[in-house]
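All remarks here apply to the structure that follows.
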Amino acid sequence: MSEELVLSLRHVTSGYRTGGMLRRGAYQEVLHDVTFDVRHGEILGLVGESGTGKSTLARTILGMVRPDKGEVIHYTKRPQMIFQDPYSSLNPAYTVGWILEEPLRIYGKYPAQERKRRVREMLARVELPEECLTARPAALSGGQRQRVSIAAALIKRPRFLIADEPVSALDVTIQAQILDLLRTLRDELDLSYLFISHDLNVVYQLCDRVLVMKEGRIVEQGRVEEIFDHPKEAYTKQLLAAAE
Amino acid sequence: MRHWNGYLRAGTILLAILTAAIVVGCFWTPYDPTAMSVGPAFDPPSLQHLLGTDRFGRDIFSRVLKGAGTTFAIAGATVAVGAVCGTAIGALTGYFGGVVDGVLMRLGDVLTAFPSILLALVIISILGPGNKYNVVIALGLVFIPSFARVTRTAFASLRDVNYVKSAQLMGASSLRILCVHILPNTLQVLLPAVTIGFNNAVLAEASMSFLGIGVTPPDASLGYMLSEAQSMLSAAPWYALGTGAAIVLLVFSVGLVGEGLQRRGGEVA
């Protein structure tokens, strides 16, 4: 693992304002002074209770939320994202083939034949049979859908992927298969992940380093074994105890 | 069509028969619908004149065929105007939200607060009565708010769905997201709304022509014929009955299709 970086966050503070069209509501801070790096080739875990700002952090990195203070520095092209719920992340009106080709169509640089070739190649990489191309998402299992989501996120060959609870909606056996796939793809396609999860066991299996987040702050970060075996913060100990 | 059901099947068959009859009526009718004295006046239904004749000895069956065509065309055009404009407005306001959304939807509320026939009357009197294109424009405008509201709700509910977020992340344009990613998923809500709108348009056109502000001779719609039939109700009841039955059949078949589509949407979702 090199020390080359794919992403840096420097003192990022982010929030939103409540209230509607006519009334300006109170300012609600979600992320507070968040600083961390994602290194090339690593799988960085992000753990914390729900409501602690993990998804807002993902949205801030993706540029869907503008940070109020601090900066988000991308060293690679735009990252892609895998969502938690494989049932709402694939457009039910289209076939898998169409869904996988769509990012390339939007990109608009490849002729149709090249797009089709890349789609088939990516389908093989996520270990799905060719028949899936003509199937609609409704005909697939949860695990297959998540494979399609992964393929769709990777088809434009990003170097960095954000996975927001990608296995928490799946059965344990399917979870293990998807985690294996993510690991294989990381090695084959030279990827780095930010892996958001509330499941510490999954993070322990998959991740190299981990960030512990509480109420919008990073309270502890380091190598997974260090954090899990010798937690310094009381909050981390609490999380670990709850996961036992 | 992936899922058929009884409603959809019955409605489609009935509608296909009616449409075929209407199409035939555009090119050929048993008698010239406007020719007088093709038979004796006030002749009751018989094999020569399936729905009898009126005061002037005109063949009512031929008139109903022709009139149904006019009604069908006006209702179709009205729904097209209302659905296309309403869907465009609803899609934009539902997806983008914000101030424009608030203003347009309140404007829609104001429009829906008027009885629709009254509103159409006002628009007709501004545009000038007695022209079928003005009827289409007036009714079409009246229909826009209801389509806009249905579409807005559908688009707003899909705005934050993950596959839409993915498309945004991939850099798809807003137009592409609206038309390619969201629109196909709103069809199961929009298509039933179109069928309901079509029926309302048939009835609204009939009411307006009945009141004498819709279609005028030489065009004859079912509504116009119904108002004509009223004056000879006791001498030729078959005129009103035949014309009324045509309206009922048309509305009924489209209603069945709409119900079928709605139920199919329920099954799929």
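We did not get these values from a lab; they are worked out from the coordinates using the rules stated. These numbers come from a predicted model, not from an experiment. Cβ placement follows ideal geometry from the backbone for every residue including glycine, while neighbour counts extend to all protein chains displayed.
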Per the list (1) closer than 16 Å to B:Thr78 by Cα; (2) surrounded by 24 or more Cβ atoms within 10 Å (Cβ to Cβ), residue check on B:Tyr239 breaks on (1)
Out of the residues in segment B:97-135 that are surrounded by 13 or more Cβ atoms within 10 Å (Cβ to Cβ) and charged (D, E, K, R), which is farthest from B:Ser174 (Cα to Cα)? B:Lys132
Take the conditions more than 20 Å from B:Lys165 (Cβ to Cβ), more than 9 Å from chain B (Cβ to nearest Cβ), outside any loop (DSSP other than H, G, I, E, B) and touching a Leu at 6+ places or on another chain (Cβ under 6 Å) and apply them to A:Arg120. Does it pass? no
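Looking for whichever is within 30 Å of A:Pro103 (Cβ to Cβ), of a type in the set (Gly, Ala, Ser) and buried (at least 19 other Cβ atoms within 10 Å of the Cβ) here; the options are B:Ala167, B:Ala138. Which one fits? Walk me through it before giving the result.
Values: B:Ala138 fails: within 30 Å of A:Pro103 (Cβ to Cβ).
Going through B:Ala167, B:Ala138 in turn, just one is within 30 Å of A:Pro103 (Cβ to Cβ), of a type in the set (Gly, Ala, Ser) and buried (at least 19 other Cβ atoms within 10 Å of the Cβ): B:Ala167.
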Result of the Cβ filter at 7 Å on segment A:60-79, keeping first residues that are within 12 Å of chain B (Cβ to nearest Cβ) and partners that are of a type in the set (Phe, Trp, Tyr), at least 6 apart or interchain, is A:Pro79/A:Phe160
What about B:Leu169, is it within 12 Å of chain A (Cβ to nearest Cβ) and touching a strand residue (DSSP E or B) at 6+ places or on another chain (Cβ under 7 Å)? yes
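Say whether the condition of being assigned to a loop (DSSP other than H, G, I, E, B), out of contact with any helix residue (DSSP H, G or I) (no Cβ under 7 Å at 6 or more places or on another chain) and closer than 20 Å to A:Gln146 by Cα is met by at least one residue in segment A:68-85.
Let us first name the residues in segment A:68-85 that are assigned to a loop (DSSP other than H, G, I, E, B), namely A:68, A:75-79, A:83-85.
Add one more test, that the residue is out of contact with any helix residue (DSSP H, G or I) (no Cβ under 7 Å at 6 or more places or on another chain), and what stays is A:68, A:75-78, A:84.
Still in the running and closer than 20 Å to A:Gln146 by Cα: A:84.
Checked segment A:68-85: at least one residue is assigned to a loop (DSSP other than H, G, I, E, B), out of contact with any helix residue (DSSP H, G or I) (no Cβ under 7 Å at 6 or more places or on another chain) and closer than 20 Å to A:Gln146 by Cα.
Just to be sure before I move on: is A:Tyr87 closer than 24 Å to A:Asn201 by Cβ, within 14 Å of another protein chain (Cβ to nearest Cβ), touching a Pro at 6+ places or on another chain (Cβ under 9 Å) and touching a residue at least 40 places away in the same chain (Cβ under 8 Å) in the structure I sent? It would help to see each step written out before you state the result.
Numbers: closer than 24 Å to A:Asn201 by Cβ: yes; within 14 Å of another protein chain (Cβ to nearest Cβ): yes; touching a Pro at 6+ places or on another chain (Cβ under 9 Å): yes; touching a residue at least 40 places away in the same chain (Cβ under 8 Å): yes.
Yes, satisfied.
For segment A:207-218, give me each residue that is within 27 Å of A:Arg186 (Cα to Cα) and either free of Cβ contacts under 8 Å to residues at least 24 places away in the same chain or surrounded by 19 or more Cβ atoms within 10 Å (Cβ to Cβ) (or both). Can you show your working first?
The first filter runs over segment A:207-218 and keeps only residues within 27 Å of A:Arg186 (Cα to Cα), leaving A:207-213, A:218.
If the condition is that a residue be within 27 Å of A:Arg186 (Cα to Cα) and either free of Cβ contacts under 8 Å to residues at least 24 places away in the same chain or surrounded by 19 or more Cβ atoms within 10 Å (Cβ to Cβ) (or both), then A:Cys207, A:Arg209, A:Val210, A:Leu211, A:Val212, A:Met213, A:Ile218 are the ones that fit.
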